[in-house]
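Participant: Just dropping this structure here.
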Amino acid sequence: MKVIVIGGGAAGASCAARIRRNDEQAEVEIFEKTDEISIANCGLPYYIGQVITSEDDMHVSSVDMFENLFNIKVRLNTQVTEIKTAEHSVVTADGTTHSYDRLVITTGAQPFVPDLKGMEKDRTFTLRNLADANRIKEYIKNNDVKRAVVVGGGFIGVEMAENLAELNIDTTIVELAPHIMANVDEDIAKVAQNRLKKQGIKLVLSDGV
């Protein structure tokens with residue numbers, strides 16, 4: 001059996017490893033459109049905030065580990081552009097066709113960036129992968145950043161705000177819901193909100209950009 005996993009993030013890497021543990025004979029391949037695999041995404045804010053100082057520490061595992069330890073083929077910089085379900089095959093950007101018996105799609109989500117006036121591209125960032133984090137780090141390093149606005153008060157947004165504040169950047173969180181971390185109980189969220197306020201982080205709740 002041949003299994004193709006599209007997406008080499010945490011979900012895709014974990015899925016591929018689980019398939020290998022369940023079936024030592026299966027042929028498993030990971031297709032990842034970027035040049036990185038199995039990144040500790042939850043650590044990205046701490047990498048920006050210099051709590052995690054080395055980029056190497058952001059890698060949960062490596063291509064060598066997958067290929068030599070798990071016998072899983074990893075194809076970096078390989079984007080799947082078409083899925084032919086009837087033929088059980090995928091087509092990559094270079095036009096190559098790859099067949100499969102089972103297909104797993106773990107491409108994750110894309111950050112939503114509203115098309116609003118005043119959002120200069122060189123000063124507006126998303127945080128989804130290591131490349132995004134490095135762009136933010138580079139901008140902070142090369143510019144005298146005084147203020148930052150984090151749109152979204154989820155877990156990553158809150159952690160991002162904390163790390164920006166630790167870099168002495170005046171930080172504001174804008175959250176559409178009545179409290180941050182909308183998927184937790186309001187009483188718990190209020191404890192976190194009080195902590196953020198003590199850190200000097202401003203909160204704009206029940207409002208959007």
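Participant: Looking only at residues in the range 29-64 that are in contact with a helix residue (DSSP H, G or I) (Cβ under 6 Å, 6 or more places away or on another chain) and in a strand (DSSP E or B), which one is surrounded by the most Cβ atoms within 10 Å (Cβ to Cβ)?
Facilitator: Ile30
Participant: Then there's this: Tell me, which strands (runs of 3 or more DSSP E) wholly within the range 92-209 include 2 or more residues that are in contact with a strand residue (DSSP E or B) (Cβ under 9 Å, 6 or more places away or on another chain) and under 30 Å from Glu29 (Cα atoms)? Let's see the steps before the verdict.
Facilitator: Details: elements: 97-99, 102-105, 147-151, 170-175, 202-205.
Counting at least 2 such residues, we get 97-99, 102-105.
Participant: In addition: Between Ala109, Ala93, which is small (Gly, Ala, Ser) and exposed (fewer than 11 other Cβ atoms within 10 Å of the Cβ)?
Facilitator: After ruling out the rest, the residue left standing is Ala109.
Just so you know, all these numbers are worked out from the coordinates, no wet-lab data involved. These numbers were taken from a predicted model, which means no experiment stands behind them. In this analysis, Cβ positions are derived from the backbone assuming ideal geometry, glycine residues included, and neighbour counts consider all displayed protein chains.
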